Amino acid sequence: MTIEILAKEYDHQYDVLNAKIEGLRPLLYVYTGEDLYLLRRRLKVYYDMASECKRISAMLTHYYDEDGEEYHGLH
């Protein structure tokens, strides 16, 4: 597996996670109490995972770029 393919896979997972988030978001207006709390926790986890996938995808995409030094570190 090349770095480019791996970067595309992370980007694809970003899209999958965003689709899950968008599918669950309307439930924020329906759920109450503990169900709402659990839904918000789940959305937060999905959002964090999607953000990490996007960051890693960008880092891998620009891995060999000379001017892409900001992507090489795990900031």
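In the set (1) 1.14; (2) 1.40; (3) 1.48, the label that goes with Cα Rg over 2.2 N^0.38 Å computed for this structure is (2). For the chain, the per residue solvent-accessible surface stands at 79 Å², with DNA, RNA and ligands left out and a 1.4 Å probe. Carbon and sulfur: what percent of the chain's accessible surface (1.4 Å probe)? In the chain, the share of accessible area belonging to carbon and sulfur is 56 percent.
A straight chain from residue 5 to residue 22 at 0.36 nm per residue would run longer than the Cα-Cα distance by 3.6 nm. Annotation: extensible slack from residue 12 through residue 41 equals 8.2 nm (criterion: 0.36 nm per residue apart, minus Cα-Cα distance).
Only protein heavy atoms count here; under a 1.4 Å probe, residue 54 has an accessible surface of about 90 Å². Its relative contact order, with pairs defined as Cα atoms under 8 Å and 6+ residues apart, puts the chain at 45 percent.
Per-residue ellipticity at 222 nm from helix content only, as computed over the chain with -39500 (n - 2.57) for each DSSP H run of at least four residues, stands at -24000 deg cm²/dmol.
The values are calculated or read from the model by the stated rules, or taken from the named source; none is laboratory data. No experiment lies behind these values; they were computed from the predicted model shown. Heavy atoms of the whole protein, side chains included, go into the accessibility calculation; ligands, DNA and RNA do not. Shrake-Rupley method; radii C 1.70, N 1.55, O 1.52, S 1.80 Å.
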